[in-house]
1. Can you run phi through the Karplus equation (6.51, -1.76, 1.60; θ = phi - 60°) for the range 216-224 and list ³J(HN,Hα) in whole Hz, with x for Gly and Pro?
2. Using r as the Cβ-Cβ distance of Ala49 and Phe306, and R0 as 45 Å, what FRET efficiency do you calculate, to the nearest 0.05?
3. Can you bin the range 180-221 into rounded, prolate or oblate? Criterion: square roots of the alpha carbon gyration tensor eigenvalues sorted a ≥ b ≥ c, rounded for a/c under 1.5, prolate for a/b above b/c, oblate for the rest.
4. Ranked by Cβ crowding within 10 angstrom, fewest neighbours first, how are Ile182, Ile82 ordered?
5. Considering only Cα-Cα distances, which of the following residue pairs are longer than 29 Å: Lys127/Lys223; Lys223/Lys279; Lys107/Lys127; Lys107/Lys299; Lys65/Lys127; Lys262/Lys299?
6. Where does each of His138, His252, His172, His270 land when they are ranked from fewest to most other beta-carbon atoms within 10 angstrom?
7. Going by amide H atoms built from the backbone, whose H comes under 5 Å of the H on Tyr144, apart from near neighbours?
8. Using the alpha-carbon centroid of each, what span in Å lies between the range 73-116 and the range 131-194?
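What follows draws every value from the coordinates through simple rules; no lab data is involved. Please read all numbers here as calculations on a predicted model, not as lab measurements. Every residue, glycine among them, receives a Cβ derived from its backbone with ideal geometry; neighbour counts consider all protein chains shown.
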Amino acid sequence: MLTGSTGFAQTTLAAALMPVLLLACSATETRAQAASRPDRRTARPATSAPDLTAELTELKGTWLKAVGRGHAAAIRSPFLVIIDRDEDAARQWLTETVFGSTRRFQKQYMDAQPDKPMVVLLFSGQKNYRRFCIDVLHDTDPPYYGFFRPTDRVLVMDINTGGGTLVHELTHAMIAFDFPNIPAWFNEGMGSLYEQCSYQGDRIVGLPNWRLPALQKAIEANKLGSLEDLTSTDFRGANMGMNYAQARYLCHYMQDKGMLEKYYRAFRDHAADDPTGLKTLKEAFAPKTLADVDMEWRKWVLTLRFPPR
Ligand SMILES: [Zn+2]
């Protein structure tokens, strides 16, 4: 879920469908198969990450005052985490999930460095989460699990639902620095991919998740639109839930083929000429046609299992 720039009231269907998920971590290293096409990304100047600790310290004071007593904070540039528990809990979420996922994401995908602070506000359960949204943000209808507000890079979460939603929103927060004009289908495909993930050495890897069974049913009933149409569809329209699933498992497929990182960079670097990413998608799979890839992708989706057997 990604909030728009106009306020907090958001479409909540996708978040409402999201079950409790825990971020799974494993220590097993797997190496993605190298993509066969040459890297055609344009060179970007290397940048170093600025230390935002002073700015984060100031934000910490402001937000702790806003949330009131009984909250603790932890800082590690570019993140401030505030939680309605103790400092150990704040530090643990910051280190393991926030920093653990984003440092891997950054290494895999990003050229740009986050140069502005991100604030992660975690609440233990719906009561505290909703009270904060209503009293502090004046939002009476927040998405069920949490959201990312891009205007000031604030992420708000009911963390009792697990780390999956947090990693989804963190993916949006990171992409906003590196690929700000990313279209919804690819932004939500990437965010959804990491709702269920593992750390494999220095890599973050998406795993099958709760969005799979409905997608498999739609494929079996021949009711799913084409991959080509996905890139130009009204993503948050009538078929929003299925669009999320299709985009997620297209990203998952490219990940497992060792193509996702290269596609992300090629799409990002050519988005001015190819804003939907369709042309770059076709090039990524060439000489296969996208229609042939679509058939292979459907067969591959039907081989996946969730929950795992
Ligand atoms: Zn999202």
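1. 4, 4, 5, 5, 5, 8, 6, 10, 9
2. Approximately 0.80, to the nearest 0.05.
3. The shape class here is oblate.
4. Going from sparsest to densest Cβ surroundings: Ile182, Ile82.
5. Among Lys127/Lys223; Lys223/Lys279; Lys107/Lys127; Lys107/Lys299; Lys65/Lys127; Lys262/Lys299, the Cα-Cα distance tops 29 Å for Lys127/Lys223; Lys107/Lys127; Lys107/Lys299.
6. In order of increasing Cβ crowding within 10 Å: His138, His270, His172, His252.
7. Residues meeting the criterion, in which the H sits 1.01 Å from N, are Ala16.
8. 14
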